[in-house]
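Beneath this line is the structure, given in structure tokens, with notes to follow.
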Amino acid sequence: MEILKIQTTRLFIRHLTLLDLSDFHSYRSDADVTKFQGFDIMTIEQCEDFIKKNSTKYFGNAGEWVQYGIESKEKGKLIGDCAIKLQQNDTRIAEIGITISPSEQRKGFAKEVLNGILNFLFETKNIHRVVEIVDAKNIASIKLLNSIGFKQEGHFIENIFFKGKWGSEFQFAMLKREWLQLNKLISK
Ligand SMILES: CC(C)(COP(=O)(O)OP(=O)(O)OC[C@H]1O[C@@H](n2cnc3c(N)ncnc32)[C@H](O)[C@@H]1OP(=O)(O)O)[C@@H](O)C(=O)NCCC(=O)NCCS
């Protein structure tokens with residue numbers, strides 16, 4: 001069982017605990033945050049239940065999403081969360097997701113988190129490919145992934161019945177060799 005702790009310049013990415021409950025609930029109960037996500041706004045009880053169930057999960061289990069807290073070093077509190085899932089049939093492929101609290105958005109935190117996670121997955125774990133699937137209307141996510149250098153591989157048209165209507169999604173991915181090249185860790 002791996003206790004994940006990633007440190008970036010301004011953040012810690014670490015396991016969620018019940019001490020995060022009130023901060024977690026403050027943005028998980030915001031409709032702007034859940035608009036493009038696979039969950040709806042959550043009550044405090046649902047948040048507590050989620051954190052408790054998630055606390056039994058660890059990095060490395062195939063096919064299981066594990067949620068991690070994003071803690072601001074400056075504020076000493078949770079400003080978002082992110083999730084990593086290793087693919088069921090091949091744990092060298094990972095899927096990720098990220099949420100930043102609205103009051104902390106547009107400050108480069110998501111970019112810092114994704115760079116930290118990619119560094120962890122590609123450079124310390126045997127990960128070949130990282131995938132993120134986003135709603136085709138989720139401009140913030142699309143800009144984020146483009147800004148990091150993810151490639152848009154797929155555009156699925158009305159592939160998901162989501163919050164009462166058909167939605168379309170983009171699939172973005174990054175390969176280890178692309179990451180290493182982007183970070184100039186290997187010669188072209
Ligand atoms: C997507 C999300 C995580 C971005 O977080 P963030 O911390 O605000 O992003 P950053 O500040 O690191 O910005 C990264 C890039 O995206 C751009 N961006 C971020 N939000 C944007 C917005 N609302 N509109 C346009 N561009 C946006 C930034 O300008 C930046 O681009 P640049 O590096 O070229 O300047 C955040 O908007 C969020 O939590 N949304 C709700 C949850 C969600 O939908 N998550 C995705 C599903 S997995």
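What follows draws every value from the coordinates through simple rules; no lab data is involved. Keep in mind that what you see is a predicted model, and the values were worked out from it rather than measured. FYI the Cβ positions are ideal-geometry reconstructions off the backbone, even for glycines, and counts take in every protein chain you see.
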- [ ] Please list the radius of gyration and Dmax for region 5-182, considering alpha-carbon atoms only, with Å as the unit.
- [x] 15.7, 45
- [ ] Show which aspartates and glutamates lie in cross-link reach of residue 165 when reach means a straight Cα distance below 16 angstrom and same-chain residues fewer than eight apart are skipped.
- [x] 40, 135
Open item on the list: Quick check: Cα centre of region 13-64 to Cα centre of region 145-188, how many Å?
Closed with: 23
Task: the chain: relative contact order in percent, alpha carbon pairs under 8 Å with at least 6 residues between - done: 16
Task: Estimated inter-spin distance, residue 57 and residue 126, nm [label 7 Å along Cα→Cβ] - done: 2.3
Open item on the list: Using 0.36 nm times the number of residues separating residue 184 and residue 22, minus their current alpha carbon distance, what extension gain do you get?
Closed with: 54.3 nm
Task: Candidates per GluC sites (Glu not before Pro) in region 1-81, loop by DSSP, up to 11 other Cβ within 10 Å - done: 74
- [ ] Compute the label zone of residue 175 within region 107-130: residues whose backbone N is under 16 Å from the point 7 Å along Cα-to-Cβ.
- [x] 122, 127-130
Task: the chain, helix-only ellipticity at 222 nm - DSSP H runs n ≥ 4, -39,500 (n - 2.57), divided by all residues, nearest 500 - done: -8500 deg cm²/dmol
TODO: Could you name the lysines whose alpha carbon sits less than 19 Å from that of residue 57, not counting residues in the same chain fewer than 8 places away?
DONE: 5, 85, 125
Task: Added length on full extension, which subtracts the Cα-Cα distance from 0.36 nm per residue, residue 46 to residue 65 - done: 5.1 nm
- [ ] Count neighbours as other Cβ atoms within 10 Å of each site's Cβ, and list the chymotrypsin sites (Phe, Trp or Tyr not before Pro) in region 44-78 that are DSSP loop with at most 16 such neighbours.
- [x] 58, 65
Open item on the list: Show me the GluC sites (Glu not before Pro) within region 82-188 that DSSP assigns to loop and that have at most 11 other Cβ atoms within 10 Å of their Cβ.
Closed with: none
TODO: Starting from the amide H of residue 163, placed 1.01 Å from N in the peptide plane, find each other amide H under 5 Å away whose residue is 5 or more places distant or on another chain.
DONE: none
Open item on the list: Test of understanding: ordering 21, 180, 118 by Cβ neighbours within 10 Å, fewest first, what list do you get?
Closed with: 180, 21, 118
